[in-house]
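First the structure, which I've put down as C-alpha cells, then a few questions once you've had a look.
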Amino acid sequence: MKKRTLLIAALMGGCALQSMAQQILPDDVAGDKEYRRVCREYELKSKNSVELLQAYLDKYPDSRYTDRVRSLIASVYFEEGKYKEAIAMFRACDLEALPDAERDDCAMRLATSYLKEGNLRDASVWFLLLKEVSPRYQSDATYNLAYIDYVEKRYNKALDAFLSLKDDAVYSSLVPYYIGEIYLLQGNYEQARSVAERYLKVYSGHKDEAQMERVLGEACFGLNNYQAAIAPLERYQGAVSRPQRKALYELGMSYYYTGVYSKAAATLGETTSVNDALSQNAYLHMGLAYLNLKERNQARMAFEQASASGFDPLVKEQALYNYALCIHETSYSPFAESVTVFERFLNEFPNSPYAERVNDYLIEVYMNTRSYEAALKSIAKIEHPGARIMEAKQKILFRLGTQAFANADFSKAIEYFNRSLAIGQYNMSAKADAYYWRGEANYRLEHYAQAGNDLRRYLEFAPDKMNREYGLALYNLGYTDFKQKNYNGALNWFTRFVDRGTVNDRAVQADAYNRIGDCNFYARRFDSARQDYARAVEIDPSLGDYSLYQEAFVRGLQKDYTGKIQILNRLIADYPESQYLDDALYEQGRAFVQMEDHTNAINRFNILLKKFPESNMARRAANEIGLLYYQGDKYPEAIQAYKQVITNYPGSEEARLAQRDLKSIYIDLNKVDEYANFASTIPGGANFDVNERDSLTYVAAERVYMRGEIDEARNSFTHYLQTFPEGAFSLNANYYVGLIDYNRKAYNSAIEHLDKVLAYPNNKYSEDAMMMSAEMAYSAKDYEKALTVYKQLKDKAVSPERRQLAKTGVLRSAYMLGNGEEVMLAATDLLAETKVAPELSNEAHYYRAKAYLDAGKVEGAMDDLKILAKDTRNIYGAEAKYKVAQIYFDAGQTGQAEKEVLDYIEVSTPHTYWLARSFVLLSDVYMKLGRNLDAKQYLLSLKQNYQADDDIAGMIESRLNKLNAEN
C-alpha cells in the first residue's frame, strides 16, 4: 500500500501532507453532526446536495472531512456530466485520505472525466495507476487504455489489450467492435469478417450490431466479395441516421461492381459532400453507372465533378475523357463546354492515349458546335489550320451572323457574313446561305441595291433550287426592286416566286400577288392588276382589304364607277377594322361625283368626316363637300363647309382652295365685309389675305432651301417669322426651321418650332412634324409626350410603314411609362399588322407578356412567352424560355418546369444569364421533388462553367448551403 500512497500523493501535487495536518485538529461534535446530514443528502441524491456540501465546507473549512466532502461534490459533478468541474474538485482533494474503495472510485471517475474532456494524456496516467494498483478496476482500466491507444492509432497495442478482454464478463460484447475495426485498418479482412460474423451471431440486438454489420460489409468489400458486402452494409445504412462516408462509398461501389447501377449512382452521390479523393472516385463511378443506365446528362455532370478534382491524376484523366465524350455525344454546350473541355483535355493530358482521338473529336465539335465564340477563339490558336478547320471557321462565322441577325444587330451580322464569305468556298452551302442572310440584313437596313446583289448571288450558289429559301430569295428580290421603284424588275421576281410555289405560306403568296398587281397597276395594265388583286383575296382573305381597295381603284380608272362602289362596299363590310376604310369612303364619294350623284357623294364624304376626322382623306372630303355645294349654287351650305375646311385644316392645300372659293362666293353675294371679318378671326396660316411682301419673303426663303443652302435658308425662314409672326406661311416656315434644326440635332429649337406646327394638326406638314417630335420626345425620355404624339401619328399616317412605326412608338413609350393597359393595347394593335418584322414582333410579344404578368394575367402572358421561347437566339426568347419554366414551377407543375428547362439546355442560347437562371430553377425543381443529388449536380456544374459577375453566384451558394444543411 505504501507504493500506491506515494503515487497518488505525487499525482495530487502534495495534497497528502495537507490532509495529515487536518487530521490532528480537535473533533467538532457539531461539525460531525452537520457532516452526517449533508452526506445523507448526497446518498439520497438530493437536488441541492452540491450546495449543501459546499455550505458545509464554507462553514467548517478546517474540518477533518474536507477531502471526503470535496470528493462527494466532485462525484456529483461527474454524475451530472460536468467533467471540467469534477476534475477541478477531484484535484482539490487528497484522494489518499479516502477509504480504499472510495479512493479507487474517485480515481476511476477522475480518469474517466479526463477521457470525456479529451485529455488523453492525463486519462492514461490515471488508468495506468488503476490498472497497476486496483484489482477491481483493472479490466476497466485496460479497456480504456486500449481505447486511448485505438484513438491515437497505436493499433497493435490496442489490439492486444482488446483481445485480452474478449472473455471478460463485462467487455466481451464491447471489444469485438474495436477488434474488427483494427483488423479492417490493418487490412486483415478475413479476421475482421470472422470477428463480425461471430459477434452478429452471439450478440444479436446489441448496441454495436449496426457497426458490426458495417465491419462485416467493409471486410467483404476488402476481400472483393462485393455481393456479400451489400446486405450487411445495407443493414448498417438502414440502422443509423448518419452512415460513415467510407461505408456508403463501399456500398455504392459494391452496387456498381454487381451491376446494380441505379443504386450505385444514388449511394455514391451521398458520399460527395467533402472534396477529397473518395469523392473524386465516387463521382467517376457515378458517371460510369449513369452511362450504363443511358442517363447521359447525369453521367456528364458526375464526370465533370470528378475531372475538376486533382487528388488522383489517373481518375481525373479518365473522368475528363468521359466528360468530353458525353458532351460530344449529347451536343451539350450551354456554356461553351463542347469546345473548352476538349481543349482542356489536350492541355492537361497531352501524352494521354486518348489524345489523338480527342483531337479528332475537337474538329467535329468545330463543325457542329453552338458555342461559336469559344470555337472561333480555339481555332485562332491553331497555327496552320487545314481545310476541315477552315470549313468549320467559315460555318461558325456564318452562324454568328445569323445569331446577330436574330438579335436585330444587322450591321454586326453583315460583318460576320463578310468574314465568312472572305474565307472562300470550303462549304458552298454555307457560302450561299451567307449571301442570302447578308441580303436580308442589307434589306432591313434599307440598303436595297446591296440586298439585291446578295440575293442574286445566293440564287447563283444555292445548291438546292427547290427549297423554301430559294423561293423566299425570289420574293425578297421582288421587294428590293419594288422599294427602288423598278416595277418591271419587281414584277419579274414576284412572278417567278408565285410560279415556283415552293413557299406554302398563304400570307406571303397573297402579298406577292398584291405586289404583282401593284407593278401592273404602275404599268397601267389595269385588267391584269385587277386579276392579281382578286387572286390575292382568294389566297388569303386576311390581306383582302388592300387587294379590294386596289381593285376598286383600278375599276375607277377604267370608269367602272358602279363596280368600284360595289367592291368598296365589300371592303367596308368585310373589313370593319381595315386601315383603308377612310380611303374607301373617300373613293366611294369620288365615284359618286364621277357619276354626278352629288347627294350620295356628299353623304359618303360626311360619313368619312364623322368617322375619321383626323385622316388626311378628311381634308379632301371636306373640301369636296364645299365644292359640290358651290357647284350646285347652294351657297349657304358651301360657305359652312368651306369655313370648316379653313378652320379645321389650317395651312393645308385644301384650306387654300376653300379660301379661294369662299372668297368668290362672298363676292358673288356682295358680302365682302363679312368675308373680311371671318378671315381676320383665323390665326396663323389661315389668314389668306396675303400681301405681296409676305408671299415674296416666304417664297424667296423656300427657294434658298430647295437649292440646298441650308444655313441661309434657316436665316431667311427665321427672318420671315420675325417679320410676319402671323403670316400666311408661318406654319410652313416653322416646319422648315424645325426640320433644319432636327437634322442638325439642335433638338430644343426643333421642338419649339415643330410644336407650333403641331398646334394645327391637320396641315400638310403635320405628319412629318409628328414623326420628328415623337422621336425627340422619346430620346429625351419624355415618354408622356412621345406617347401622345405617336398616337396622333398613328391616326394621321398615310403609308403603312409610317403607321407601323407610329404603333411601335406607342408601344415603346407605354412600356417605358409602365402603363400596362396601354402596352397590351399597343402590342395587340402592332401585331395585327400584316407585315411585321420578326424582331419587332418579338418586342411586342415580350412587352405584352410583361404587362400581362404585372396584371396577374398569367394565361395571356404564357401565350406570348411560348411564342418568344421558340427562338432563344434573341434576348426576348432567352428570357421567355426561362419565364415559361418559372411560371410552371410557381404553379406547382414541377414536371412541366423540368421538361422546359431540359429542353432549354438542349437548344441553348447566346444569352447565358437566362440559361444560368434556368439551371438554378432546375435545382429548385429537384429540391422540391426530393432529388437533392440532382439539384446539387446541376448547381456544381453551373458554378464551374458560368463565369459572369452577376447575381447567379449568390443564388448557387444559397442553394448549396441549404442542401448541405439538409444533409
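Coordinate-derived values only; no laboratory data. Just so you know, these numbers come straight off a predicted model, no measurement behind them. Here Cβ is always computed from backbone atoms with ideal geometry, including for glycine, and neighbour counts include all displayed protein chains.
Taking 0.36 nm per residue of separation and subtracting the Cα-Cα distance, what length does fully extending Leu223 through Asn275 add?
16.0 nm
Counting other Cβ atoms within 10 Å, keep those with at most 16, restrict to DSSP loop, and tell me which trypsin sites (Lys or Arg not before Pro) in the stretch 763-809 are left.
Listed in order of number, the matching sites are Lys781.
Please identify every one of the trypsin sites (Lys or Arg not before Pro) in the stretch 695-742 that sits in a loop by DSSP and has no more than 16 other beta carbons within 10 Å of its own beta carbon.
Counting only loop positions with at most 16 other Cβ atoms within 10 Å, the trypsin sites (Lys or Arg not before Pro) in the stretch 695-742 are Arg707.
Let me ask something else. Which part of the stretch 412-435 falls in the paramagnetic zone of Met390, meaning amide N under 14 Å from the point 7 Å along Cα-to-beta-carbon?
420-428
Also: Pick out, in residue order, every one of the trypsin sites (Lys or Arg not before Pro) in the stretch 379-434 that is DSSP loop and has at most 13 other C-beta atoms within 10 Å; say none if there are none.
For trypsin sites (Lys or Arg not before Pro) across the stretch 379-434 that sit outside H, G, I, E and B with at most 13 neighbouring Cβ atoms in 10 Å, the list reads Lys381.
Same structure, new question: Could you tell me how many degrees, from 0 to 90 and to the nearest 10, lie between the Cα long axis of helix 209-222 and the main elongation axis, the longest principal axis, of the Cα atoms of the chain?
70 degrees
How big is the stretch 773-879 by Rg and Dmax over its Cα atoms, in Å?
Both quantities, over Cα of the stretch 773-879: 13.6, 37 Å.
A further question follows. Note the listed values [x] 47.4, 155; [y] 32.4, 108; [z] 27.9, 84, then indicate which one is Rg and Dmax of the Cα atoms in Å calculated from this particular structure.
[x]
Taking the Cα centre of the chain as origin, sum charge times position over the Cβ atoms of Lys and Arg (+1) and Asp and Glu (-1), and report the length of that vector in debye to the nearest 20.
1100 debye
Considering the options Tyr533, Asn476, Ser958, tell which one lies farthest towards the positive end of the dipole of the chain, charges being +1 on Lys and Arg and -1 on Asp and Glu at the Cβ, about the Cα centre.
Working it through, the farthest residue towards the positive pole turns out to be Asn476.
Using only the Cα atoms, work out Rg/Rh for the stretch 262-383, with Rh taken as the Kirkwood radius, to two decimals.
With Rg and the Kirkwood Rh in hand, the quotient comes to 0.99.
Sticking with this structure for a sec: Could you name the lysines whose alpha carbon sits less than 25 Å from that of Lys756, not counting residues in the same chain fewer than 8 places away?
List returned: Lys643, Lys745, Lys764, Lys781, Lys785, Lys791, Lys794, Lys796, Lys807.
Which of the three applies to the stretch 559-650, rounded, prolate or oblate, going by the alpha-carbon gyration tensor with a ≥ b ≥ c and a/c under 1.5 meaning rounded?
Note, shape of the stretch 559-650 comes out oblate.
Using Cα positions and a limit of under 20 Å, work out the lysines in reach of Lys84, with same-chain residues fewer than 8 apart set aside.
Lys47, Lys116
I'd like the FRET efficiency for Lys745 and Glu373, computed as 1/(1 + (r/R0)^6) with the beta carbon distance as r and R0 of 35 Å, rounded to 0.05.
In this case the efficiency is close to 0.50.
Here's something else I'd like to know. As an exercise, use a Förster radius of 35 Å and the Cβ-Cβ distance of Leu163 and Ser958 to find the FRET efficiency, rounded to the nearest 0.05.
0.10
For the stretch 817-895, what is the number of Lys pairs with C-alpha distance below 18 angstrom, counting only pairs 8 or more positions apart or on separate chains?
Close lysine pairs under the 18 Å cut-off: 11.
Moving on to the next point. Based on Cβ point charges of +1 for Lys and Arg and -1 for Asp and Glu, what charge dipole magnitude is obtained for the stretch 70-136 about its Cα centre, in debye rounded to the nearest 20?
Dipole magnitude for the stretch 70-136 comes out near 220 debye.
Rounded to a whole number of µm²/s, how large is the Stokes-Einstein D of the stretch 84-228 at 25 °C and 0.890 mPa s, given Rh as the Kirkwood radius over C-alpha pairs?
Estimated diffusion coefficient is 149 µm²/s.
Also, I was wondering about something else. Based on the alpha-carbon gyration tensor of the stretch 159-258 and its eigenvalue square roots a ≥ b ≥ c, which shape applies: rounded if a/c is under 1.5, prolate if not and a/b is larger than b/c, or oblate?
The shape class here is prolate.
Further, regarding this structure: Counting alpha carbon pairs within less than 8 Å and at least 6 residues apart, what relative contact order, in whole percent, applies to the stretch 599-746?
For the stretch 599-746, the relative contact order is 16 percent.
Hey, what angle do you get for helix 120-133 against the long axis of the chain, alpha-carbon based, 0 to 90 degrees rounded to 10?
Around 20 degrees separate the two axes.
Helix 730-743 sits at what angle to the longest principal axis of the chain, using alpha carbons and giving 0 to 90 degrees rounded to 10?
With rounding to tens, the tilt is 40 degrees.
Rounded to whole Å and sorted largest first, what semi-axes of the equivalent ellipsoid does the C-alpha gyration tensor of the stretch 869-967 yield via the square root of 5 times each eigenvalue?
21, 16, 10
Students often forget the sequence filter, so: which aspartates and glutamates lie under 20 Å Cα-Cα from Lys377 once same-chain residues fewer than 8 apart are removed?
Cα-Cα hits under 20 Å: Glu337, Glu343, Glu348, Asp360, Glu364, Glu391, Glu415.
Right, here's the next one. For the stretch 740-848, what does the relative contact order come out to in percent, with C-alpha contacts under 8 Å and a separation of six or more?
It comes to 16 percent, rounded to a whole number.
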